[in-house]
1. Roughly what angle does helix 500-510 make with the longest principal axis of the chain, taking Cα atoms, 0 to 90 degrees, to the nearest 10?
2. Expressed as an acute angle from 0 to 90° and rounded to the nearest 10, what is the orientation of the C-alpha long axis of helix 10-22 relative to the principal long axis of the chain?
3. Taking neighbour Cβ counts within 10 Å as the exposure measure, how do ARG252, ARG168, ARG601 sort from fewest upward?
4. Suppose a student asked you for the relative contact order of the chain, using Cα pairs under 8 Å spaced at least 6 residues apart; what percent would you report?
5. What's the extension gain from CYS274 to SER482 if we count 0.36 nm per residue and subtract their Cα-Cα distance?
6. Counting helices only, and only those DSSP H runs with n ≥ 4, report the 222 nm mean residue ellipticity of the chain as the sum of -39,500 (n - 2.57) divided by its residues, in deg cm²/dmol to the nearest 500.
7. In nanometres, what is the gap between the two model label sites at ASN257 and GLU82, each 7 Å from Cα along Cα-to-Cβ?
8. Please report, in whole Å³, the volume per residue of the convex hull around the C-alpha atoms of the chain.
Amino acid sequence: MTNLKKSYPAKWLCLAALLLCGCAQVADNCSDYNPYDPANQFCGADGAAYNKCGGKTYNTATQGCDASGAVREKCANGSVPEPNMQCGNGGEDTPHIHTWGGWIVMERASCEAQGLEINTCQTDNSHVLEQAIPQLSGTACEPTHTHSFGEWQTTAQPTCTMLGQQMRSCECGYSEIQQIPTDQSAHMWNNWITTTPATCSAAGQETIICMLNATHTDTRALPQLTGDDSHTYGGWIVTTAATCSAAGVETRTCSQNPGHINSREIPQLSGTACTPAHTHSFGEWHTTAQATCSAQGQEKRSCGCGADSVRTIASNDSHTYGDWIVTTPATCNALGETKRTCTLNSTHIETAKIPQTDSHSWGEPEITTPATCSAPGVLTRFCAINRAHTETLPIAQLSGADCQTENGGTFVDSRDNKTYKWVKIGTQTWMAENLNYDIPGVTTDVCYRNSPDSCAKYGRLYDWATAMNLASTCNSSTCASSVQSKHQGVCPTGWHIPSDAEWEILVKYVDPNATGNSSNNAGTKLKSKSGWNSGGNGTDDYGFSALPGGYVFFSLGFYDAGDHGHWWSATDSDTIYAWTRRMGYNLDFVNRFYYEKIDLRSVRCLMD
């Protein structure tokens, strides 16, 4: 590949000349028509300006800001739930009272960084509170200090499904934590529900279900009913009609137990009803006992003399059902079942299915991906009912003393106390992330699209003269005589901007077959394992973790974040160009090329 300078139309060269003279700055615009205030606003994915939420940015497509200034996930209808509310099944807002567990430390505070602890709602583990643990300082960070710990204090009680946690602290502020195993007797019970009603002939049963794990249940007996009021009687049935010579009898039977019968006397007939020449004149039939699924009914008509005529009503399929009772709770893996029993005949039962639920019975967390010095880990909880259902939490990437090995670690830039990762590759020691130093009083170092989130992810973008800490005129003239062999530029003390030759050493170490201005596969080996568009991620074989930070072209706009990464070298090519290295989502190699010094690109520092 030969070295070819890029050519531009005359109008671009004219504009470049104007910019070199006028020293234009990058406007705080989300797009050409959306200016914004970087201190209080940020650019959304749609290019529009949005107010920050409690000082934080967020994904405007799926999140919003509630009345308390907290970032919340949007409901299905696009609304943002208010504090102490969650999304309903239809996407609307419905009140929700949280049952919080204890605070669990996810990341311990250290002398280099804050820690993090979370608190999970026990009835809905999608609701999680987070709060920072202050960074350690003072005595806790003195090398000769020996910790003197107090007693262990429980910070989160274990339950039947979740680990607990206990902590002990030193007066210096440093704390030790350890897990408490799950307690299979520590349930969060719901209300008792009657599964088998008590009757006059048998005891009943009620069941209680744990809200944390529907398979954890307990039962207790309901005493058998006693006394006359304990029976469920049907209507009165005439079993022996009254006559002029004897009283009659009518009875009623308990629907729960046919052996329980109540009877009463029908008065003996007298008067006109007993006159031999009397002819009865009966009225309309009236039902005195309804027919049911288990017994015949009866209806009666009466004469004015007091005589009655009765007839039987055949039994039918008319049931009198009690309440629905859950017999098998639904789970995330199977339908449940509910039943109701006819109060007249307990052998008549109706059942119905309960739809599967989204509630899981989580087991103890398992470390599925250990954290390393180059990447965070993953903590996974598996549903005890269906192991295919999982929930994950991040494990903080290792840092500080845990990562100080001969091949990599972290260091702190004393200028702004930012922590950077470093990695040794061959004979060179590189920063393993892009520089993110905001030079006081300078406008030629920016975040991509002026978003602080972009700086946190990609580092800052600098024009060449700013990166080299040289006069701005060096963007339009040769300044080779001002460049030292290990030129610090904007890098921290002990580090420098890599020269074109030092970049070449890195590329040839990674890909010994590299020649000229490109290589075969050095890009794939140096690119990070995530963060590149269109599946263009690398293998990050050496921990260099190159990310696609994009660039600013002629101070006219932002381009290519997610697609390409560009890094300055300390070597200029001529008056207006300097050598760079470029990697792309669609490139396996590292491209050596020269670009205009007034462009803003990334900086990766090399240890002296």
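No lab work stands behind these numbers, since they all come straight from the coordinates. Computed from a predicted structure; not experimentally measured. In this analysis, Cβ positions are derived from the backbone assuming ideal geometry, glycine residues included, and neighbour counts consider all displayed protein chains.
1. Long axis of 500-510 versus the principal axis of the chain: about 50 degrees.
2. The angle comes out at about 80 degrees.
3. ARG168, ARG252, ARG601
4. 7
5. Details: separation 208, 0.36 × 208 = 74.88 nm, distance 13.93 nm.
Extra length from CYS274 to SER482 when fully extended: 61.0 nm.
6. Working: 5 runs with 41 residues, N = 608.
Calculated at 222 nm, the ellipticity per residue is -2000 deg cm²/dmol.
7. Those two pseudo-labels are separated by 5.5 nm.
8. For the chain, the hull spanned by Cα atoms encloses 241 Å³ per residue.
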